[in-house]
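Taking it in order: structure first as structure tokens, then the write-up.
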Amino acid sequence: MATITVPINKDLEHFIDEELSHGESESKAHLVRYALERLREERAFLRIEEAKRDVKEGRIYKGNLKILLKKFR
């Protein structure tokens, strides 16, 4: 597991401290990991919604995937 150091502003530091004081998270590291997981889920959801719009608006490709990949490279 990697360790990173990230500078944060006072507002975020205060938010983290509040979350910890209310028992919402077990540690700062846990809180940051939780936030990153939620971000990953949000991004995945947005990609799904974009794909749905593409299908609805007819921006889809049908056919052999290998041939399509060659066409768009």
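Each reported figure results from applying straightforward, stated rules to the coordinates on display, with no laboratory input. Just so you know, these numbers come straight off a predicted model, no measurement behind them. Using ideal geometry, Cβ is built from the backbone for each residue, glycine included, and neighbour counts are taken over all protein chains shown.
List of remarks:
- Lysine pairs in the chain whose alpha-carbon atoms fall under 19 angstrom of each other, counting only those eight or more residues apart or on distinct chains, come to 4.
- For Rg/Rh (Cα atoms, Kirkwood Rh), calculated from these coordinates, the label among (i) 0.90; (ii) 1.16; (iii) 1.25: (iii)
- Linear extension gain, Arg53 paired with Arg38, 0.36 nm per residue minus alpha-carbon span: 3.1 nm
- Largest GNM mean-square fluctuation across Lys62, Lys52, Lys28, computed for the chain with C-alpha springs under 10 Å, falls on Lys62.
- C-alpha long axis of helix 28-56 to longest principal axis of the chain, angle in °: 20
- Among Ile48, Ile60, Val32 - extreme Cα towards positive end, dipole of region 26-71, charges at beta-carbon: Ile60
- Value at 222 nm in deg cm²/dmol, rounded to 500, when DSSP H runs of n ≥ 4 in the chain each add -39,500 (n - 2.57): -22000 deg cm²/dmol
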